[in-house]
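Chemist: Dropping the structure in here first, questions after.
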Amino acid sequence: MIESVRELILAFESSCDETSVAVVENGTTILSNIIATQINSHKRFGGVVPEVASRHHVQQITRCTEEAMTQAGVTYADLTAVAVTYGPGLVGALLIGVTAAKTIAFAHHLPLIPVNHMAGHTYAASYVAPFQFPLLALLVSGGHTELVYMASRYDFQIIGDTRDDAVGEAYDKIGRVLGISYPAGKPVDELAHQGHDTFHFPRAMLEEDNLDFSFSGLKSAFINTVHHADQLGETLSKADLATSFQDAVLDILVGKTLRALKTHPVHQLVIAGGVAANQGLRARMHDALATLSDPPQLLIPPLRLCGDNAAMIGAAAHVAYAEGIRADWTLNADPSLSFPYSREALAAIK
Ligand code: KG4
Ligand code: ZN
């Protein structure tokens, strides 16, 4: 009789303002994915306060772990490995997850798998369909705006990056000007479906022959428009402002992604990260791909897996584990952890 192999990974995510613990089976089945959000505690400050985030993680992580194990119906003896996000993110927040994961791995004699948060976001899309390589990922979150080329399953190369603000950050900043509290992405997206692009904000770097992004000029144009109207005592339509902002963002994101697909033909296009929840982005990318003669398959995680969660870390850890990636007890948080930038390797692909 052949014994079936049941790989169970206990995964931790605590890089920002979500404490999350998940149990993932064979990299494809989410047995539990507990997410304790701290958004209400940060709202009154207009953004994430690192010290407050760390304290919340400490308070929540034990309860989340117990709940994840109970909901999954497994014991520590059943586990294959423990995985954890060790960067990028807030150092104090990351340390809570890293310490919890190390403690459990040490106590139960389990391997420890270190996971890059952005690899996790990418692998959230693998719950939709198995990955086929080469693959291109547009990673859009509160801290990142990146085009990542994957020639194989654990090879991440940044081919386009933001020169200034991340796209989610731009949503949160212009949201504040509209009187929308943090995080503003979802309400701005909803408003954007109710207005018209009457302001024609700049589409920075869209015509430039590179794959990089810039959002600070758009953000400044938005803020200046609102301040100027305030000084004149005029009231502008919030819906038109949101639509104008979102149209510019989508032109940039979709335009650069199409450019990348020309130079880097791939089988699949992943959109992941918190901003992948954007309804406008989902629709626009879908329509843009339909104009291509041989479009890649579009993979976007379901909404519950777009924001920070540990199930995505478990999916990436499954692949990292197969690749032999392990951490020892010296594993530390790395707040500015990044994928390799390999311009030379990219030149070779082109
Ligand atoms: O990936 P994530 O949960 O955390 C980070 O790793 O940063 O992303 C959070 C970001 C926030 O900036 C939030 O405003 C944005 O994702 N976001 C959205 C939408 N939902 C969340 N941005 C645009 N449209 C949305 N529907
Ligand atoms: Zn994230």
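Chemist: Under 9 Å by Cβ, and 6 or more places apart or on different chains, what pairs join a residue from the stretch 50-79 that is at pLDDT 90 or above with one that is crowded, with 21+ Cβ neighbours inside 10 Å and aromatic (Phe, Trp, Tyr)?
Modeler: ILE61/PHE12; CYS64/PHE12; THR65/PHE12
Chemist: To continue, here is another question. Looking for whichever is without any contact (Cβ under 8 Å) to a residue 60 or more places away in the chain, closer than 18 Å to LEU136 by Cβ, assigned by TED's automatic domain parsing to the domain that holds TYR182 and surrounded by fewer than 19 Cβ atoms within 10 Å (Cβ to Cβ) here; the options are ASP287, ASP251. Which one fits?
Modeler: ASP287
Chemist: Check LEU138, LEU94, LEU112, LEU90 and return the single one that is touching a residue at least 60 places away in the same chain (Cβ under 8 Å) and closer than 20 Å to VAL5 by Cα.
Modeler: Of LEU138, LEU94, LEU112, LEU90, the one residue that is touching a residue at least 60 places away in the same chain (Cβ under 8 Å) and closer than 20 Å to VAL5 by Cα is LEU112.
Chemist: So which of ALA77, ALA137 ends up being farther than 25 Å from GLY47 by Cβ and more than 16 Å from ligand 1 (Cβ to nearest atom)?
Modeler: ALA77
Chemist: When you look at TYR182, is it closer than 30 Å to THR235 by Cβ, within 16 Å of ligand 2 (Cβ to nearest atom) and not β-branched (Val, Ile, Thr), yes or no?
Modeler: So TYR182 passes the test.
Chemist: Closer than 16 Å to ALA327 by Cβ and more than 15 Å from ligand 2 (Cβ to nearest atom): is that true of ALA77 in this structure? So that I can check it myself, show each step before the final result.
Modeler: Working: closer than 16 Å to ALA327 by Cβ: no; more than 15 Å from ligand 2 (Cβ to nearest atom): yes.
When the stated conditions are applied, ALA77 does not pass them.
Chemist: Against the condition polar (S, T, N, Q) and at negative phi, how does ASN33 come out, does it pass?
Modeler: Here the answer is yes, as ASN33 does meet what is asked.
Chemist: Suppose the filter is more than 16 Å from ligand 2 (Cβ to nearest atom) and either within 23 Å of the chain's Cα centre (by Cα) or assigned by TED's automatic domain parsing to the domain that holds ALA283 (or both); does ASP209 pass it? Talk me through it step by step, then tell me what you get.
Modeler: Numbers: more than 16 Å from ligand 2 (Cβ to nearest atom): yes; either within 23 Å of the chain's Cα centre (by Cα) or assigned by TED's automatic domain parsing to the domain that holds ALA283 (or both): yes.
Taking the combined requirement at face value, the residue satisfies it.
Chemist: Would you mind finding the one in ALA276, ALA322 that is at pLDDT 95 or above, touching a Cys at 6+ places or on another chain (Cβ under 7 Å) and not acidic (Asp, Glu)?
Modeler: ALA276
Chemist: Right, next: Within the stretch 292-307, can you find the residues that are within 12 Å of ligand 1 (Cβ to nearest atom) and of a type in the set (Asp, Glu)?
Modeler: none
Chemist: Counting only residues that are in a loop (DSSP other than H, G, I, E, B) and surrounded by 22 or more Cβ atoms within 10 Å (Cβ to Cβ), which one in the stretch 301-329 is farthest from ligand 2 (Cβ to nearest atom)?
Modeler: At the first step, the residues of the stretch 301-329 found to be in a loop (DSSP other than H, G, I, E, B) are 301-302, 306-309, 323-326, 328-329.
Then keep just the ones that are surrounded by 22 or more Cβ atoms within 10 Å (Cβ to Cβ); that gives 301, 306-309.
Values: PRO301: 12, CYS306: 9, GLY307: 7, ASP308: 4, ASN309: 9 Å.
Filtering first and then ranking leaves PRO301.
Chemist: Which of (1) within 16 Å of ligand 2 (Cβ to nearest atom); (2) at negative phi is the odd one out, the single condition GLY273 does not satisfy?
Modeler: Looking at each condition in turn, GLY273 falls short on (2).
Chemist: Could I ask something else about it? More than 16 Å from ligand 2 (Cβ to nearest atom) and not hydrophobic (A, V, I, L, M, F, W, C): does that describe GLU169?
Modeler: No: the conditions fail for GLU169.
Chemist: If you scan the stretch 149-180, which residues turn out to be over 21 Å from PRO265 (Cβ atoms), within 16 Å of ligand 1 (Cβ to nearest atom) and assigned to a loop (DSSP other than H, G, I, E, B)?
Modeler: Hits for the stretch 149-180 are ASP164, ASP165, ALA166, LEU178, GLY179, ILE180.
Chemist: Would it be correct to say that VAL275 is in contact with a strand residue (DSSP E or B) (Cβ under 9 Å, 6 or more places away or on another chain) and either among the hydrophobic types (A, V, I, L, M, F, W, C) or more than 14 Å from ligand 1 (Cβ to nearest atom) (or both)? Working first, answer last.
Modeler: On the way: in contact with a strand residue (DSSP E or B) (Cβ under 9 Å, 6 or more places away or on another chain): yes; either among the hydrophobic types (A, V, I, L, M, F, W, C) or more than 14 Å from ligand 1 (Cβ to nearest atom) (or both): yes.
In short, yes.
The values are calculated or read from the model by the stated rules, or taken from the named source; none is laboratory data. Keep in mind that what you see is a predicted model, and the values were worked out from it rather than measured. All Cβ positions, even for glycine, are placed from backbone atoms using ideal geometry, and neighbour counts span all protein chains on display.
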